[in-house]
Each structure stands twice: as C-alpha cells, then as structure tokens.
1. Picking from 57, 127, 88, 123, which residue would you name as being out of contact with any helix residue (DSSP H, G or I) (no Cβ under 7 Å at 6 or more places or on another chain) and of a type in the set (Lys, Arg)?
2. With respect to residue 51, is the statement that it is over 15 Å from the mean Cα position of the chain (by Cα) and within 11 Å of the ligand (Cβ to nearest atom) true?
3. Go through (1) hydrophobic (A, V, I, L, M, F, W, C); (2) surrounded by fewer than 19 Cβ atoms within 10 Å (Cβ to Cβ); (3) more than 9 Å from the ligand (Cβ to nearest atom) and name the single condition residue 63 misses.
4. I'm checking my understanding of the structure. Among residues of segment 66-96 that are among the charged types (D, E, K, R) and out of contact with any Phe, Trp or Tyr (no Cβ under 9 Å at 6 or more places or on another chain), which one is surrounded by the fewest Cβ atoms within 10 Å (Cβ to Cβ)?
5. Does segment 155-169 hold any residues that are assigned to a loop (DSSP other than H, G, I, E, B) and either at pLDDT 95 or above or of a type in the set (Ser, Thr, Tyr) (or both), and which are they?
6. Tell me, which strands (runs of 3 or more DSSP E) wholly within segment 74-144 include 1 or more residues that are over 26 Å from residue 181 (Cβ atoms) and under 16 Å from the mean Cα position of the chain (by Cα)?
7. Hey, among 116, 49, which residue is aliphatic (A, V, I, L, M), out of contact with any strand residue (DSSP E or B) (no Cβ under 9 Å at 6 or more places or on another chain), farther than 24 Å from residue 208 by Cβ and touching a residue at least 12 places away in the same chain (Cβ under 8 Å)?
8. Are any residues in segment 46-64 farther than 18 Å from residue 87 by Cα and assigned to a helix (DSSP H, G or I), and if so, which ones?
Amino acid sequence: MRIVFLGPPGSGKGTQAKRLGQKLAVPQLSTGDLLRSAVRGGTELGREAKNYMDAGRLVPDHLVTQLILNRMQQKDCADGFILDGFPRTKVQAEALEKALKVNRIPIDVVIDFDIAEKVLVERLTGRRVCPNGHGEWHIKFRSSVLSGFCDVCRALLIQREDDQESKIKTRMEQYRKDTEPLKKFYEARKLLRRIGATGNPAEITAQIEAALPQPPPAPAP
Ligand code: AMP
C-alpha cells in the first residue's frame, strides 16, 4: 500500500509512520530524515539543504523531489511505502503524481493529521533528538532510559535547530501557506482521510488503520 501522511510539524507523522510501517511491512520514507542524514554525511545536497532546514524553511522542491523519487526506486519500496513529510508543496505533489502515473502505481490514501497548534508547540519545543539520527525523545512525554542521552549510542541528546520557538513559527507559516492547500488537492482526488492526532499513539494508529482502504474480497472458490 502507498500512503501519504499529511500534517503540520510535530503532529506525530514520524512516530505513526514507524508504527504503521512495521505493521504493514513497508518502509517509512521521511524526507526530513533523508535530508538530516545528507547533512550529517556532508554531501553536496546536505550542504545546500542545511541553511533552509536550520531556518525552518522548506528546501527547494527540485532537491527534495529528486531525493525522494530516487529513494522510491529502491527494492524495499516495491510493495508500498509511507511518505512522511512529502509532498509539502503543490509542485512536489504534482511531481509525485506524475512519477507514480508513469509507473502505474497510484497513491492509495492520504492521511491528514488533525491537531491544535497549541499542542504542536509544546511537542516541538520539548523534543530532544540523537545527533547521530537514532531517534527522538521528549522532556515531558518520553524520556530516554539514561535521562538526556541516546538509548542507542549514548550521545548527549540535543534540540533540533528548527525546534526553537522562533523557527517553529516559520515552519507553521510555511505549513499553512504551502502544505495545507494539499488537503484540497487530495480531497479532489478522493484520497483524503482525516484522523484526530491528539491522544495516545496506539489509539492514533488504530484510527489510521481504520481509515486505510480495505483490500477487495478474495474471489469465491
Ligand atoms: P521534518 O523532519 O519533516 O520536520 O523536516 C525537517 C526539515 O526538512 C523541514 O523543516 C524542511 O526544511 C526540510 N524538509 C523536509 N521535507 C521537506 C519537503 N518535502 N520539502 C521541503 N523541505 C522539506
């Protein structure tokens, strides 16, 4: 199944993409993770993307689109994927639609994460991440076992540059201006399903599962 997760920063798309990806045995394709990995690796793309990311602004469409379309070519995507953080603009949504059309593998469903902005700010400002990309924790809701250090590599957890309050404002503005209009784009294609993204992760996963299209019944013997 090919699924798009649409929602503002901090709405839990990453957490849910990991949970659902495991259940459905399809990979989570997070453009944010791919970009951060390029930054850590010091690649040309990483160097280009870093300033935009640190400022809380969107990385130019052509860079992100190329990155994700390449990733989608890999073998593990043959049976589907969950797109987490892509598309984020109409240009990206159109490029995705075009690429999938060529391969005759359309998107099955777009899950829209509905959540109040007040909750998002609390989630983002309290988030702490492993500098080596091993995951994320929260000062209030999810502490690491070795409080303040990564459970995997024991590095000191840090706050993402773009999780500072001033940058969050920019990210929300970008979301409203560029990404929110995609709801209409996918509504027009009858692909959009809205879920309430406040509550415990298991409940939210259950809502998403209920919103997924059901496979056609097996033919009678
Ligand atoms: P995320 O981890 O999804 O919050 O993404 C972190 C940052 O990566 C964003 O604030 C953008 O700077 C960049 N980014 C991630 N996905 C995209 C995208 N689809 N288009 C443009 N920039 C992106």
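1. Values: 57 fails: out of contact with any helix residue (DSSP H, G or I) (no Cβ under 7 Å at 6 or more places or on another chain); 127 fails: out of contact with any helix residue (DSSP H, G or I) (no Cβ under 7 Å at 6 or more places or on another chain); 88 fails: out of contact with any helix residue (DSSP H, G or I) (no Cβ under 7 Å at 6 or more places or on another chain).
Every option except 123 fails the conditions.
2. Yes; evaluated as a whole, the condition is true for this residue.
3. The failed condition is (3).
4. Restricting attention to segment 66-96, the residues satisfying the condition of being among the charged types (D, E, K, R) are 71, 75-76, 79, 84, 88, 90, 94.
Next cut, out of contact with any Phe, Trp or Tyr (no Cβ under 9 Å at 6 or more places or on another chain) only: 75-76, 79.
Details: 75: 6, 76: 13, 79: 12.
The extreme case among them is 75.
5. Going residue by residue through segment 155-169, those that are assigned to a loop (DSSP other than H, G, I, E, B) are 155, 157, 159-160, 164.
Scanning segment 155-169 gives 155, 157, 159.
6. On the way: elements: 81-84, 109-114, 127-129, 136-138.
Qualifying strands (runs of 3 or more DSSP E): 127-129, 136-138.
7. Numbers: 116 fails: farther than 24 Å from residue 208 by Cβ.
Result of the check over 116, 49: 49.
8. If we filter segment 46-64 for residues that are farther than 18 Å from residue 87 by Cα, which is where we start, we get 46-48, 50-51, 54-55.
Those that are farther than 18 Å from residue 87 by Cα and assigned to a helix (DSSP H, G or I): 46, 47, 48, 50, 51, 54.
The values are calculated or read from the model by the stated rules, or taken from the named source; none is laboratory data. Predicted model, so just to flag it, every value in this text is computed and none were measured. All Cβ positions, even for glycine, are placed from backbone atoms using ideal geometry, and neighbour counts span all protein chains on display.
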